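Notes follow the structure.
Derivation of every value follows stated rules applied to the coordinates shown; laboratory data play no part. No experiment lies behind these values; they were computed from the predicted model shown. Note: ideal-geometry Cβ built from the backbone for every residue, glycine included; neighbour counts use all protein chains shown.
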Amino acid sequence: MGKSMIIYVVGVSAIVGYALLTMGRTSASSMDTYAEYYSRTMAHNLAIAGANIGTQRCLNDTSYNTNTLNTAFAGGSFDVYVIKSGDTTRIRSISHLPIHFYSFRQSRWINEARDTVEAVIKIVSFSKYSWFTDQEKNGYVGSPFRGGDDWKITGDSVWGLAHTNGRFNLGGRPYFHDKVTATNSPQLMTVGGVRAPIYNGGYQWGVTVPRSAANLTNLLTTASGSGGLLNNTGNDVALTFINDGRVAVKIPPTTGSIRNDTANITSLAPSGVVAVSGGDIRIKGTYRGRITVVALKGSNANKGNVWLDGNGIAAFDNPRSNSASTDMMGIVAERNAFITRDNSRSEQSVFNIQAAVYCHEGELTAQDFWNIGKHGRVSLFGGVTQKTAGSLGTFGGSGKLTGMDYSIRHDPRFLTAAPPGYPKATKYELVSWYEK
Amino acid sequence: MAVILDMIGSVLISGYVILLILRINFNMSSASDSATTNLGIQESLVDAMSSVESDFRLAGFNVPDPKNSIAIADSQRIRIRVDLDNNNTVDSVEWYVGAPLAKYTDRQVRILYRRVNNGTPLGIAYGVTTFKLKYFDQDGIQTSVLSMISVIEVSIAVSSTYKIADQIDPTQQGYASAFWRQTRLSSRNIKRHG
């Protein structure tokens with residue numbers, strides 16, 4: 001009996017020992033699951049911290065290009081690499097978290113957790129904005145409304161990104177389809193008992209996007225370097241775009257005494273930029289291809305305007321119906337872009353602009369908008385970037401009094417592409433953030 | 001006589017020891033089963049939530065208009081747009097739970113699926129009893145407007161498909177379960193300007 005008892009005791013001990021060992025391994029596996037998740041999360045957060053720091057440095061200083069290696073943080077470290085390529089900079093952050101545990105799932109010792117986060121920042125083109133101003137005030141010299149606040153009220157809508165380096169003036173319930181940014185929070189006004197703008201794509205205040213005059217110098221350089229500088233002697237230029245890819249050039253617009261011919265867009269502006277310095281440009285018609293039309297003041301302070309004549313300027317391959325259209329135009333005026341007064345227009349008239357419009361010192365406006373009849377509607381498919389908020393008409397309690405209605409729809413192609421040489425911001429902007 | 005008594009005594013003692021061993025074995029098996037099951041659902045939950053976190057944090061990556069980063073936002077289904085493999089092609093990733101499995105009649109047990117580009121859905125977690133999504137705008141207000149979604153709250157509970165013994169009181173039985181909630185899941189790509 002004594003011998004059998006020993007066998008029993010040894011047997012029981014072996015069984016219990018094995019069971020306890022199995023349970024111990026299960027418990028360890030449970031801890032392993034927790035440790036793995038913890039270390040992965042910590043490594044991920046470390047990589048994010050590195051990417052945040054690197055991105056912020058680059059956003060604050062566009063010339064920053066220093067790799068920061070082996071920065072100790074929160075029990076680990078991260079390496080931040082700054083990789084520049086043209087207007088784009090990549091900030092790659094790789095974290096290292098020293099750990100030491102045996103992973104039953106991976107059947108190996110784990111000594112380090114790593115993760116990578118990559119941010120891409122870019123100098124973006126102003127064409128991405130549907131509506132951009134430095135200040136939300138009327139700036140038409142000679143207009144009785146000059147200096148008055150521009151208000152967006154119930155019934156108004158902005159489709160596409162909207163920004164002002166001032167503050168928006170919003171009455172009632174205007175609608176912003178896409179994200180709205182501004183340097184200052186908006187001035188709100190109650191209209192019809194309502195004081196609630198709709199920011200469908202969100203909003204952010206405290207954002208300032210400076211505009212540099214260097215953009216204009218660059219455009220002049222590009223145009224003159226490729227034969228695209230049409231005139232710099234103080235004469236105005238008229239360009240009538242023909243829907244076969246050609247453009248009729250007339251200098252001056254009234255007589256054509258200096259130049260009066262027709263050329264392909266590609267030969268007139270090999271770089272895609274056609275410019276006038278010291279004069280105005282008048283444009284109309286249907287364009288084909290990619291081109292940016294530029295009017296600069298030069299030595300003539302009153303020049304540098306673009307005049308939109310006729311029924312406007314439209315693309316041959318309509319980008320409204322074909323988002324893959326390769327026809328794309330930029331209109332850049334150092335001063336203003338005017339919709340030329342045409343008293344033959346009626347309330348049923350539609351004036352088309354299919355382009356990104358940029359006015360450095362002025363605005364996109366309708367000539368004498370306060371002093372004309374009801375001239376229909378302006379349909380802008382693209383976007384406008386201007387110093388002041390150009391008006392197209394006057395409005396009262398009963399609706400429009402004079403001028404034109406405004407309809408702006410953003411061309412989605414401009415989110416990722418821009419007309420040749422189109423002005424760019426001077427600061428980086430985050431365009432993508434890759435983390436897994 | 002003494003031998004017979006020894007034999008009877010030895011049979012009684014050995015019987016008692018055998019019963020003891022069987023009892024220990026039963027308890028050990030229950031405890032082991034319970035621990036293994038708990039471990040299984042924990043691992044299943046960690047794998048599922050890691051995948052969810054990874055996808056949601058990437059939402060809107062390389063999508064030209066970040067406003068379009070989320071295509072469907074229901075309480076139990078979400079479809080996000082993202083360039084998953086960083087090849088400048090926007091993919092769609094959908095997370096949802098399937099219908100309750102018919103063989104579990106006493107409660108709703110489902111499978112959590114992940115589907116890429118309308119391909120074949122891949123079951124990510126089995127035994128999902130809760131998969132709830134809530135959406136908030138940048139001010140922390142709950143919203144159902146896709147373009148205004150800035151933060152996502154995700155809750156997942158995974159449970160065993162069979163009952164196990166309670167680890168403290170083996171006479172009681174219940175389902176092993178694990179729960180995870182991420183209350184501030186957001187993507188930088190959604191918040192960027194455009």
| request: Pop a pseudo-label 7 angstrom from the Cα along the beta-carbon direction at both A:Asn243 and A:Arg114 and give the gap in nm to one decimal. | output: 5.9
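Take the Cα pairs of chain B, get the Kirkwood Rh, then feed it into Stokes-Einstein at 37 °C and 0.692 mPa s and tell me D in µm²/s. Intermediate values should be presented prior to the final figure.
On the way: Rh = 19.7 Å.
Roughly 166 µm²/s, to the nearest whole number.
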| request: Count the DSSP beta bridges whose two residues both fall in the protein assembly as shown, then state the antiparallel fraction as a percent rounded to the nearest 5. | output: 55
| query | Over all residues in B:29-38, what is the mean tally of Cβ atoms on other chains that come within 10 Å of each residue's Cβ? | reply | 3
| message | If I take all pairs of Cα atoms in the stretch B:79-194, what percentage of them are more than 17 Å from each other? | response | 67
| query | Equivalent-ellipsoid semi-axes (√(5λ), Cα gyration tensor) for the stretch A:1-135, whole Å, largest first? | reply | 57, 15, 10
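Based on Cβ point charges of +1 for Lys and Arg and -1 for Asp and Glu, what charge dipole magnitude is obtained for the stretch A:2-122 about its Cα centre, in debye rounded to the nearest 20?
On the way: 11 positive and 8 negative charges, 60 e Å.
The calculated dipole for the stretch A:2-122 is roughly 280 debye.
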| Taking all pairs of different Cα atoms in the stretch A:126-426, averaging 1/r and flipping that mean, what Kirkwood radius in angstroms comes out? | 19.3
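Output the peptides A:139-147, A:42-50, A:330-338 sorted from most to least packed, where packing is the average of other Cβ atoms within 10 Å over each peptide's residues.
Working: A:139-147: 14.6, A:42-50: 22.0, A:330-338: 26.1.
The most tightly packed comes first, giving A:330-338, A:42-50, A:139-147.
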| note | Simple SL model, points at 7 angstrom along Cα→Cβ for A:Ser346 and A:Val9; separation in nm is 11.5
| message | Give the separation of the Cα centroids, the stretch A:167-242 to the stretch B:75-114, in Å. | response | 41
| request: For A:Asn218, put the label point 7 Å out on the Cα→Cβ axis and report which residues of the stretch A:403-433 keep their amide N under 11 Å from it. | output: A:421-427
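Any chance you could run the full-extension gain for A:Leu188 through A:Ser267? It's 0.36 nm times the residue separation minus the Cα-Cα distance, nm to one decimal.
Details: separation 79, 0.36 × 79 = 28.44 nm, distance 5.06 nm.
Result for the pair: 23.4 nm of gain on full extension.
For the stretch A:193-234, what is the per residue volume of the convex hull drawn over the alpha-carbon atoms, in cubic angstrom? Walk me through the numbers before you get to the answer.
Numbers: hull volume 8.2 nm³, N = 42.
For the stretch A:193-234, the hull spanned by Cα atoms encloses 196 Å³ per residue.
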| remark: Checked against a 31 Å limit on the C-alpha separation, the offending pairs among A:Lys400/A:Lys427; A:Lys137/A:Lys250; B:Lys103/B:Lys134 are A:Lys400/A:Lys427; A:Lys137/A:Lys250
| task | Compute the long axis of helix A:214-225 from its Cα atoms, compare it with the longest principal axis of the Cα atoms of chain A, and write down the angle in degrees, 0 to 90, nearest 10. | result | 70
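Could you work out how much longer the chain between A:Lys84 and A:Trp205 gets when fully extended? Use 0.36 nm per residue separation minus the Cα distance between them, nm to one decimal. Can you show the working numbers first?
Values: separation 121, 0.36 × 121 = 43.56 nm, distance 2.85 nm.
Stretched fully, the A:Lys84-A:Trp205 segment lengthens by 40.7 nm.
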| Radius 9 Å from Cβ of B:Val93, net charge of other residues (Lys, Arg +1; Asp, Glu -1) | +1
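Using the scaling law 2.2 N^0.38 Å as the reference, what is the normalised Cα Rg of the protein assembly as shown? Mind dumping the intermediate values first?
Values: Rg = 34.8 Å, N = 630, 2.2 N^0.38 = 25.5 Å.
Cα-based Rg divided by the globular estimate yields 1.37.
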| Considering the alpha-carbon set of the stretch A:316-436 alone, what are its Rg and its Dmax in angstrom? | 16.6, 60
| remark: The simple spin-label model distance between A:Ser103 and A:Ser257, using points 7 Å out along Cα→Cβ, in nm, is 8.3
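Placing unit charges on C-beta atoms (Lys and Arg positive, Asp and Glu negative, everything else neutral), compute the dipole magnitude of the stretch A:126-426 about its Cα centre in debye, rounded to 20.
Working: 29 positive and 21 negative charges, 44 e Å.
Its charge dipole is roughly 220 debye.
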| In degrees between 0 and 90, to the nearest 10, how far off the longest principal axis of chain B does helix B:2-58 point, with axes built from Cα atoms? | 0
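Let me check I've understood the local charge: for A:Ser63, count other residues with C-beta under 13 angstrom from its C-beta, Lys and Arg +1, Asp and Glu -1. What total comes out? Intermediate values should be presented prior to the final figure.
On the way: positive: A:Arg57, A:Lys84, A:Lys427; negative: A:Asp61.
Local charge sum for A:Ser63: +2.
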